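Values quoted throughout were computed directly from the atomic coordinates according to the rules given, and no laboratory measurement underlies them. None of these values were measured; they are calculated from a predicted model. Cβ sites come from the backbone with ideal geometry, for glycine too, and all protein chains shown count toward neighbours.
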Amino acid sequence: MPRKTTSPTVRQIASIAILAAAGVVVYVFEGLLPRPLPWVRPGLANVVTLVALELLGVWPAAIVALLRIVLSALLLGTFGNVAFLFSATGGACALAGMAGAHRWFKPPLSLVGVGLVGAFCHATGQLAVAWAFLVRSTAVFAIASSLLLSAALAGLVVGLAAQTTVKGLARVSGSPETGPTAKG
């Protein structure tokens, strides 16, 4: 049986573009913040991906994440280098983890729980890149505890920010219903 395809609406395309642009702005801003450890970023741009996942669904969230990662890399001049590989792998792993947690474990997980899953997946993906491309030794896992601890904190912040943003957008739009099945 042929698969039914639907074209995205103008509203969906505009939402994806706005969220991707917001993600680029947040990512660039995040680069200006002081870092407790050289390899640790808070991952605040994942707030935008998580909001897109909640409001638009998996595929639009994937487009938002891809646009955010590529456009940020082009803007900052990191496209194609190791920093881009870290960002792309971490973003893909975070999206996969958040999408799975959102689909199969929400509820009982809130967006905070989904954000935590995404942060741990992001950190794990980056550890894999570090092992595969930089330090082909188990010594790379010496930073795993600090990276996973910072991931827990970042996931908590990302989840809380996404949850607050989604609630605020629902309040502004006057719609209590959110998510890909929401009408409007």
Which of the peptides 75-83, 154-162 is most tightly packed, and how do the rest follow, judged by the mean count of other Cβ atoms within 10 Å per residue? 154-162, 75-83
So for Val24, Val166, fewest C-beta neighbours within 10 Å to most, what's the order? Val166, Val24
Calculate how steeply helix 46-56 sits against the longest principal axis of the alpha-carbon atoms of the chain, using the helix alpha-carbon long axis, and give the answer as 0 to 90 degrees to the nearest 10. 30 degrees
Phi-derived 3J(HN,Hα) across region 12-25 with the Karplus relation (6.51, -1.76, 1.60, θ = phi - 60°), rounded Hz, x for Gly and Pro, is 5, 5, 5, 4, 4, 5, 5, 5, 5, 5, 4, x, 5, 4
Magnitude of the Cβ-charge dipole (Lys and Arg +1, Asp and Glu -1) of the chain about the Cα centre, nearest 20 debye, reported as 320 debye
Quick one: compute a quarter of the convex hull surface over the Cα atoms of the chain and quote it in nm². 12.3 nm²
Candidate cut points under trypsin sites (Lys or Arg not before Pro) in region 63-162, DSSP loop plus at most 12 other Cβ atoms within 10 Å of their own Cβ, are Arg136
For region 1-106, restrict the atom set to alpha-carbon positions and state the Rg and Dmax in Å. 14.7, 54
If I fit a long axis through the Cα atoms of helix 111-129 and take the longest principal axis of the Cα atoms of the chain, what angle between them do I get, 0 to 90°, rounded to 10? 40 degrees
